[in-house]
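Written out below as structure tokens is the structure these notes cover.
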Protein chains: 2
Amino acid sequence: MKVVALAGGVGGAKLADGLARCLAPQELTLVVNTGDDFLHFGLKICPDLDTVCYTLAGLANPETGWGRAGETWNTLRALEALGAPTWFQLGDQDLATHLERTRRLAEGETLSEVTRFFCQQWGIRHRVLPMSDQPVRTIVETDIGDLPFQEYFVKYRFEPSVRGFRFEGIAQATAAPGVLEALADCDVVIFCPSNPWVSIDPILAVPGVREALLRARVVAVSPIVGGRALKGPAAKMFAEIGIPPSAQAVALHYGSLLKGFVYDRADVAEEPAVRSLGLRTLVTDTVMRSPADRRRLAEEILDFARRELIP
Amino acid sequence: MKVVALAGGVGGAKLADGLARCLAPQELTLVVNTGDDFLHFGLKICPDLDTVCYTLAGLANPETGWGRAGETWNTLRALEALGAPTWFQLGDQDLATHLERTRRLAEGETLSEVTRFFCQQWGIRHRVLPMSDQPVRTIVETDIGDLPFQEYFVKYRFEPSVRGFRFEGIAQATAAPGVLEALADCDVVIFCPSNPWVSIDPILAVPGVREALLRARVVAVSPIVGGRALKGPAAKMFAEIGIPPSAQAVALHYGSLLKGFVYDRADVAEEPAVRSLGLRTLVTDTVMRSPADRRRLAEEILDFARRELIP
């Protein structure tokens, strides 16, 4: 069974990890959002790629879901003493990733190549692809002005009210090598329970991706459970855009791209509404509290896809 | 008494510190070599400026003379685990300096402005100026090819045999704001016991500096003691260029720029040779093992200048 999973940050990384525990390396390709990437202190930082890779490599901080386990903060404290901006949490170990990525990019490697190198170093055997090797910047349009995603998310703790989104550079971006090929040659595509607006939508906006998905079997996993996001601003964004946050709202957001939809038992009351969209559905426990949960959810989704979607 | 001191790395920083302990802030300007500066992992690193500033601020590692006291190496270890180049010792606290410098330069500040900001943050009250705000790169021409200074010095541990030096970008560089003014308006200029070839010569090569020095009272302190350099490749460089390393060789190197010369008691046998150059001389203990040594040597040099050079 060949699977492509689209993922953003923490929630996406958890399901990606579950899938990697169920599927052989040649059966799984992960396509990761790079719209959150930014330059900070001259370093190229790719938060979602790092979260996915650290999680797959077993290096992630289990408490936060992002950053590294056993992290230290000596550089950050020295930056603070210098009066430098410290709104983005730069751990000492994490910094090495940003430094080496920046160095390799400056030497002419592509982001795909750097990511492949990191995966080798960290013992990650499944394929992890950035959505694009060209820079794309997710801009959150808010009541206090346009904010690059990391500033909105970290510096302003997603407090400003959202009016819309745009992905700067997306028209000039091309899908990273392997992305369109993997989408064209897979049995199922899984949208991980990542933020639809700022984690999955940037990937869908990469030229060629949406067209490839129209010919694929796509299953989305709702990141909205009980009307709330497990983490981050997804529910708040739906509400501020004028859509009551719900599992059905997620399914409607992706619209005709979907063939299947996975949502939480907490939202079982939405069953008639979701079913009215004409989708195959799986209602289960989608909240991943432990590595065992990740694997169990991944297995259920793969079984569901085999049973209900693949002829 | 108004003093300008030209300094490179560790030896220069020690005398600079001694001078700062003897002179009021408005009496001392330090002009620091930036020919060693380089880009590493996308960060702008200024080894001599950092050594001088850390030393003046009391932040320097007393064992090495460079880097910071109580330094930790977590990022460097993570770089090593990633297979990244680790020949340059990047400490966690030190990294904060490079990150914030890089960030401020990218925002349009000059190196002078960044240095002034750091001095404020670190409580340094004497004026520290980079020799130039434009990048100058010291290239060491060796038997294994041309090497940027840090690669020659750190990566190759100054093992290659030296054939010559050049300072890339020097013709386009201008003295940093305040440098020529300080040289024109001082009672004495002190060449700290830094490497003549790669610490002091780059400063002398900045357009306008040599001309300003011809109108000044210059005292050089020999970094060669007993035919050897206390630290680094100065003696080795003299020998490879074809000049037996000695105090007199240092005085001859600076030639007609000098009015006074300070060298070590270990070289008292050179007295006739040095005196034959027509210089005022001070023979004393020039090796600075403790902060008290720095202050004592600085006081002796200032007394010598007052007594012998200033009308």
The simple spin-label model distance between B:GLU80 and B:GLU181, using points 7 Å out along Cα→Cβ, in nm, is 4.7
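Considering only DSSP beta bridges whose two residues both sit in the protein assembly as shown, what percent are antiparallel, to the nearest 5?
Working: 34 of 82 bridges.
Rounded to the nearest five, the antiparallel share is 40 percent.
Compute the relative contact order of segment A:154-311 as a whole-number percentage, counting only Cα pairs closer than 8 Å that sit 6 or more residues apart in sequence. Numbers along the way, then the final one.
On the way: 213 pairs, mean separation 31.2, N = 158.
This gives 20 percent for segment A:154-311.
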Mind giving me the nanometre distance, one decimal, between the label points for B:GLU211 and B:SER256, set 7 Å out from Cα along Cα→Cβ?
-> 1.6
What gaps in nm, shortest first, separate B:MET1 from its twins in the other copies when you place the label 7 Å past Cα toward the beta carbon?
-> 8.4
Please give the contour-minus-distance gain from A:ARG307 to A:GLN26: 0.36 nm per residue of separation, less the Cα-Cα distance, rounded to one decimal in nm.
-> 99.0 nm
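Roughly what % of DSSP beta bridges within segment A:1-84 run antiparallel, to the nearest 5? Intermediate results must be reported in sequence, preceding the final value.
On the way: 4 of 9 bridges.
The antiparallel proportion sits near 45 percent.
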With no solvent and one equal point scatterer placed on each C-alpha of segment A:164-211, evaluate the Debye formula and give log10 I(q)/I(0) for q = 0.15, 0.19 Å⁻¹, two decimals.
-> -0.42, -0.67
Segment A:128-191 versus segment B:212-237: alpha-carbon centroid distance in Å = 57
Helix A:10-22 axis, angle to chain A major axis (alpha carbon atoms, nearest 10°) | 70
Square roots of five times the C-alpha gyration tensor eigenvalues of segment B:226-284, ordered largest first and given in whole Å, equal 19, 13, 10
Tell me, B:ASP293, A:ASP48 in order of fewest to most beta-carbon neighbours within 10 Å?
-> B:ASP293, A:ASP48
Could you work out the relative contact order of segment A:45-154, using alpha carbon pairs under 8 angstrom and six or more residues apart, expressed as a whole percent?
-> 19
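Computed over the Cα atoms of chain A, what is the convex hull's projected area averaged over all directions, in nm²? Before the final figure, lay out each step's value.
On the way: hull surface 60.6 nm².
Averaged projected hull area, Cα only: 15.2 nm².
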Along segment A:170-182, Karplus-curve 3J(HN,Hα) (6.51, -1.76, 1.60; θ = phi - 60°) to the nearest Hz, with x for Gly and Pro, reads 5, 5, 8, 7, 10, 4, 5, x, x, 5, 5, 4, 5
Selected from B:GLY260, B:SER246, B:VAL198, residue furthest toward positive end of dipole (segment B:171-279; charges at beta carbon) = B:SER246
Would you work out which of B:THR75, B:GLN120, B:PRO62 lies farthest towards the positive end of the dipole of segment B:1-159? Charges go on Cβ: Lys and Arg +1, Asp and Glu -1.
-> B:GLN120
Distribution of pairwise C-alpha distances over segment B:47-130, 10 Å bins, in % = 17, 46, 31, 6, 0
In terms of the Cα gyration tensor, with a ≥ b ≥ c the square roots of its eigenvalues, is segment A:188-228 rounded because a/c is under 1.5, prolate because a/b exceeds b/c, or oblate?
-> oblate
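For B:TRP87 and B:ALA292, calculate 0.36 nm times their separation in residues minus their Cα-Cα distance, and state this gained length in nm to one decimal. Please report the intermediate quantities before stating the final value.
Numbers: separation 205, 0.36 × 205 = 73.80 nm, distance 3.31 nm.
Contour length minus Cα-Cα distance gives 70.5 nm.
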Inter-copy label distances at B:ASP293 (7 Å, Cα→Cβ; nm, one decimal) | 6.2
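So, counting K/R as plus one and D/E as minus one, what does the shell of residues with Cβ under 12 Å around B:ASP187 add up to?
Details: positive: B:LYS2, B:ARG217, B:LYS259, B:ARG306; negative: B:GLU27, B:ASP185.
Surrounding charge for B:ASP187 is +2.
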Which one of B:TYR156, B:ALA173, B:SER132 is farthest out on the positive end of the charge dipole of segment B:107-230, using unit charges on Cβ (Lys, Arg +1; Asp, Glu -1) and the Cα centre as origin?
-> B:TYR156
Taking every DSSP bridge whose two residues both lie in chain A, the antiparallel percent to the nearest 5 is 40
Got the B:PHE88 label distances to the other copies yet, label 7 Å along Cα→Cβ, in nm, shortest first?
-> 2.0
Using the number of other C-beta atoms within 10 angstrom as an exposure proxy, rank B:VAL268, B:VAL225 with the fewest first.
-> B:VAL268, B:VAL225
Under-5 Å amide H pairs with B:ILE170, H placed in peptide plane, nonlocal only = B:ARG137
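Rg/Rh for segment A:1-77 to two decimals, with Rh computed the Kirkwood way over all alpha-carbon pairs.
Details: Rg = 13.6 Å, Rh = 13.3 Å.
My calculation of the ratio gives 1.03.
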When the Cα centres of segment B:242-309 and segment A:17-74 are compared, how far apart do they sit, in Å?
-> 59
Chain B, relative contact order [Cα under 8 Å, separation at least 6], % = 20
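Using only the Cα atoms of the protein assembly as shown, build the gyration tensor, take square roots of its eigenvalues as a ≥ b ≥ c, and label the shape rounded, prolate or oblate: rounded if a/c is under 1.5, else prolate if a/b is larger than b/c, else oblate. Mind dumping the intermediate values first?
Numbers: a/c = 3.33, a/b = 2.80, b/c = 1.19.
Here the protein assembly as shown falls in the prolate category.
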In sequence order, calculated HN-Hα J values of segment B:128-134 (Karplus, 6.51, -1.76, 1.60; Hz; x Gly/Pro) | 10, 10, x, 4, 8, 8, 8
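Tell me, what is the FRET efficiency for A:THR174 and B:ILE243 to the nearest 0.05, using R0 = 41 angstrom and their Cβ-Cβ distance as r?
Values: r = 59 Å, r/R0 = 1.44.
Once rounded, the FRET efficiency stands at 0.10.
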Dipole size in debye (nearest 20) for segment B:186-265 around its Cα centre, Lys and Arg Cβ +1, Asp and Glu Cβ -1?
-> 140
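Using a simple charge model, +1 on the beta-carbon of Lys and Arg, -1 on the beta-carbon of Asp and Glu, nothing else, what dipole does chain B show about its Cα centre, in debye to the nearest 20?
Values: 33 positive and 38 negative charges, 111 e Å.
My answer is approximately 540 debye.
Rounded, prolate or oblate, given the Cα gyration tensor of segment B:139-249, with a/c below 1.5 counting as rounded? Don't skip to the answer; put the middle values down first.
Values: a/c = 2.51, a/b = 1.42, b/c = 1.77.
Oblate.
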Kindly provide the pair-distance distribution of segment A:252-311 built from C-alpha pairs, with 5 Å bins from 0 and whole-percent values in order of increasing distance.
-> 4, 18, 25, 25, 19, 8, 2
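Let me know the charge dipole size of the protein assembly as shown about its Cα centre in debye, to the nearest 20, where only the beta-carbon of Lys, Arg (+1) and Asp, Glu (-1) is charged. Mind dumping the intermediate values first?
On the way: 66 positive and 76 negative charges, 77 e Å.
Approximately 360 debye in magnitude.
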Say R0 is 22 Å: what FRET efficiency, to the nearest 0.05, do A:GLN121 and A:HIS40 get from their beta-carbon distance?
-> 0.50
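So what's the back-of-envelope 222 nm ellipticity for chain A, counting only DSSP H runs of four-plus at -39500 (n - 2.57) apiece and dividing by all residues, rounded to 500? List each step's numbers first, then the result.
On the way: 12 runs with 114 residues, N = 311.
For chain A, the value works out to -10500 deg cm²/dmol.
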For A:PHE191, distant residues with modelled amide H under 5 Å away = A:LEU6, A:VAL219, A:ALA220, A:VAL221
Quick numbers on segment B:1-157, Rg and Dmax over C-alpha atoms in Å, give 15.7, 53
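Read the figures in this text as sums done on the coordinates, not as results from a lab. Computed from a predicted structure; not experimentally measured. For neighbour counting, all protein chains shown are included, and Cβ atoms are generated from backbone atoms with ideal geometry for every residue, glycine included.
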